Amino acid sequence: MAAPLTLLLIVAVTIRAVLFRSSLAELISERVEVVSPLNAWKRVVEGLALLDLGVSPYSGDVFHETPLMIYLFHFMVDYAEIVFMIADGITAVALYLSIQIYNKNVFRKQKYALESDRYPADCLELLRSPKEMFYIPLKVAMFYLLNPFTILSCVAKSTCGLNNAIIALFIFCTLKGSALLSGILLALATYQSIYPLTLFAPALLFFLQRLYIPVNLRRSSFWFFTLQYAFIYVGSLVVITGLSFFLLGSWDFIPSVYGFIFSVPDLTPNIGLFWYFFAEMFEHFRLFFICVFQINVFFYTIPLSIKLKEHPVFLIFMQIAIISIFKSYPTVGDVALYMAFLPAWSHLYRFLRNIFLVSCVLLACSALFPVLWHLWIYAGSANSNFYYAITLLFNFGQILLVSDYFYAYLRREHHLTHGLYLKKKDGTEATLVLK
């Protein structure tokens, strides 16, 4: 599989290199769907200019990236295009290797279950074959590298691509079984944008499952490993934050980065849910609704962790999708990361109920974003309501997509336990309902 992956990387790099040299690069870097006030390259350049003048990049209201990011580009600014292409390559390879490991684990568990005769006789058609799983890692890498959302994000030099690389490496190290590297990379991802904090739960569940430690609050082994992993994570976060203070010489970055993410002061339009709502919000209600909107990202972690405690990898997918939908400044690069996982769940297609509708909605919205933006900003024949309407529809499509996969995953697991053809007590065919 090394040769197809290498060819894929060459094709992906070529596409990006051609677009970097085209006249489209500047246009793409201005698109509000592709960049946000947090990750726009122009703001990074402004921050670098202030740093070169001996002024704190956080002294104004322009730069909102982390100190480690600005110091990285302080030395690599002349090679920024190469850095972003390498970041995409790292993400794709990490996802490729992660899905390889995941498929091996799935096949091994499936084999043991078959040998112990745990599956009902009528659900054998639901089992996955090695031939079916062989090309899935390559498809995942392809879904990431050749996704137009990923390509646009890279060409715009959005720092979202670097965040995706960190999260992909975290997933790889987690599935590889390295608790130390997993905790460090999760701390780095949290340091970058806070929201990956929710990935702590699925990572912990994966390691507990790997070490055969039951999720039991009365077991000392459960608490020992949980505290151990939490110590690695929190300790790494403290060290990274301390290093940022050492580099910058002040704590100005905390309100400028994390305060900016939580308080949402910049209402530049994007593909998220925040900007229009808070543009219309009365000031004395603002704090309450900020809390309501922000809690969405974190609220679903506990119930999903309880429901999917035996399936931590799928839980990681769910959490990444929720982050990309409900974060305060989302871009298409965030959407591309969780969409790359869709080939890994190809065995769920028979249980998906709305995939055609969702596909049409997402494609139509992707096409209409620039159209309605032009009508609003340039032609003056539309207004912000039009653009926000398509934003709402786009997020509705994402929610429908994620919930459909969630339903399909649970339904398949139910069939593997109780059989494919369910019957009521009177012998008639039963319908499975997700509650």
With Cβ to Cβ distances under 11 Å as the rule, what net charge do the other residues near D404 carry (K, R +1; D, E -1)? +2
Within the set of other residues whose C-beta is less than 13 Å from the C-beta of V297, count the net charge using Lys and Arg as +1 and Asp and Glu as -1. 0
Summing Lys, Arg as +1 and Asp, Glu as -1, what charge do residues with Cβ under 13 Å from the Cβ of A336 carry, A336 excluded? -3
Ranking by accessible area, most exposed first, for D122, D266, D404 with a 1.4 Å probe: D122, D266, D404
Looking at segment 103-146, which trypsin sites (Lys or Arg not before Pro) are DSSP coil and have at most 12 other C-beta atoms within 10 Å of their C-beta? R118
Report the dimensions of segment 185-289 along its three principal axes from the alpha-carbon atoms, largest first, rounded to Å. 51, 34, 24
For the chain, built as a Gaussian network whose Cα springs stay under 10 Å, the top-fluctuating residue of P196, P303, P67: P303
By accessible area of protein heavy atoms, probe 1.4 Å, what ranking do E125, E26 get, highest first? E26, E125
If you average the C-alpha positions of segment 276-314 and of segment 45-98 separately, how far apart do those two centres end up, in angstrom? 28
If the cut-off is a Cα-Cα distance under 16 Å, which aspartates and glutamates reach K327, setting aside same-chain residues fewer than 8 apart in sequence? E33, E65, D266
222 nm [θ] for the chain, helices only, -39500 (n - 2.57) per DSSP H run of 4+, per residue, to 500? -21500 deg cm²/dmol
From phi via Karplus (6.51, -1.76, 1.60), per-residue ³J(HN,Hα) for segment 308-324 in Hz, x at Gly/Pro: 10, 5, 8, 9, x, 5, 5, 5, 4, 4, 4, 5, 5, 5, 5, 4, 5
Classify segment 92-151 from the C-alpha gyration tensor, please: rounded if a/c falls under 1.5, else prolate or oblate depending on whether a/b exceeds b/c. prolate
So, in Å, what gap is there between the alpha-carbon centers of segment 187-257 and segment 114-159? 28
Any idea what angle helix 80-115 forms with the longest principal axis of the chain, computed on alpha-carbon atoms, 0 to 90 degrees, nearest 10? 10
If you roll a 1.4 angstrom probe over the protein chains with everything in place, what fraction of the accessible area of the chain belongs to carbon and sulfur, to the nearest %? 69
By the Cα gyration tensor axes a ≥ b ≥ c (a/c under 1.5 gives rounded; else a/b larger than b/c gives prolate, otherwise oblate), the shape of the chain is prolate
How much accessible area does V335 have with a 1.4 Å probe, in Å² rounded to the nearest 10? 0
List the trypsin sites (Lys or Arg not before Pro) in segment 157-251 that DSSP assigns to loop (not H, G, I, E or B) and whose Cβ has at most 11 other Cβ atoms within 10 Å. Which are they? R218
Work out how much length L114 to N385 would gain on full extension: take 0.36 nm times their residue separation and subtract the Cα-Cα distance, in nm to one decimal. 92.1 nm
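The values are calculated or read from the model by the stated rules, or taken from the named source; none is laboratory data. This one's a predicted model, so the numbers in the text were calculated from it and none came from an experiment. Here Cβ is always computed from backbone atoms with ideal geometry, including for glycine, and neighbour counts include all displayed protein chains. Surface accessibility is based on the protein's heavy atoms, side chains included, excluding ligands, DNA and RNA. Shrake-Rupley method; radii C 1.70, N 1.55, O 1.52, S 1.80 Å.
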